[in-house]
1. Give me, ordered by chain and number, the residues 5 or more places off G68 or on other chains with an amide H under 5 Å from its own placed amide H.
2. Need one number: the % of Cα-Cα pairs in the chain sitting beyond the 23 Å mark.
3. Do you know the Lys pair count in the chain for C-alpha distances under 19 Å, with sequence separation 8 or more or different chains?
4. Listed highest first by mean packing, meaning other Cβ atoms within 10 Å per residue, what order do 61-69, 125-133, 140-148 come in?
5. If you place +1 on the Cβ of every Lys and Arg, -1 on the Cβ of every Asp and Glu, and leave all else neutral, what size is the dipole of the stretch 1-160 about its Cα centre, to the nearest 20 Debye?
6. For every helix of n ≥ 4 consecutive DSSP H residues, a contribution of -39,500 (n - 2.57) applies; sum these over the chain, divide by its total residues, and give [θ] at 222 nm rounded to the nearest 500 deg cm²/dmol.
7. Taking the stretch 64-140, which GluC sites (Glu not before Pro) meet the DSSP loop condition and have no more than 10 other C-beta atoms within 10 Å?
8. Please report how far the C-alpha centroid of the stretch 122-151 lies from that of the stretch 1-31, rounded to the nearest whole angstrom.
Amino acid sequence: DQETVTAGTTFTTALHLRNFEIWQLGMLFIIVQDMEDSLIQIGSGRSRGLGKIKASISEQAEGSHPGGVVLSTMRTTTKRQTEPDKELWGLGRWLAYEGEDEKTYDTRTNDLLELDPPIAHTRQSIRNIRVFKNEALTTLKEQCIEAFVTRMQEWKGVPQPARPGGN
């Protein structure tokens, strides 16, 4: 028995990322773009043309979600300087801020984006959130995808096992 989903069926989901590097966010934007362009199929029967999907980032508010891409950081009760409104910090920058050596986790201390215009943090419960919509979302996607491309070009090759006969 096979159950199918009819054309036009809509599913809604949310992704919650923690401790991401900027290039990883770029990778996710590429995947969403590929789904938006119907380049990715899911499920069985893909070779017969089944499994075609479309995906997009909705900028419409729905329930408690304000729409767009929402990024959050933990609120602190100290006066310590944290992520400025004009920057988006990836894991490497957060670790550097905490005094961690970038070699420990193979991250980069310059793992951040300059945001122009700045995107203000808004208090929401125990978090500070920032919402990226419209032009801010487009710019965020472009910068993160560029970080992904750069990181892939810098990636150190994984050592390959030696082949018998030295080839």
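1. The list, which skips near neighbours in sequence, is S58, E59, Q60.
2. Values: 7277 of 13861 pairs.
Of the Cα pairs, 52 percent sit more than 23 Å apart.
3. On the way: K54/K141; K86/K133; K86/K141; K103/K156; K133/K141.
Lysine pairs meeting both conditions in the chain amount to 5.
4. Numbers: 61-69: 13.2, 125-133: 16.3, 140-148: 19.2.
Sorting 61-69, 125-133, 140-148 by mean packing, highest first, produces 140-148, 125-133, 61-69.
5. Once rounded to the nearest 20, the dipole reads 360 debye.
6. Values: 4 runs with 47 residues, N = 167.
That comes out to -8500 deg cm²/dmol.
7. Values: sites: E87, E98, E100, E102, E114, E135; in loops: E98, E100.
Sites meeting the loop and neighbour criteria: E98.
8. 17 Å
None of the figures in this text is laboratory data; all of them are computed from the coordinates on show. The shown structure was predicted, so the numbers you read here are calculated from the model rather than taken from an experiment. For neighbour counting, all protein chains shown are included, and Cβ atoms are generated from backbone atoms with ideal geometry for every residue, glycine included.
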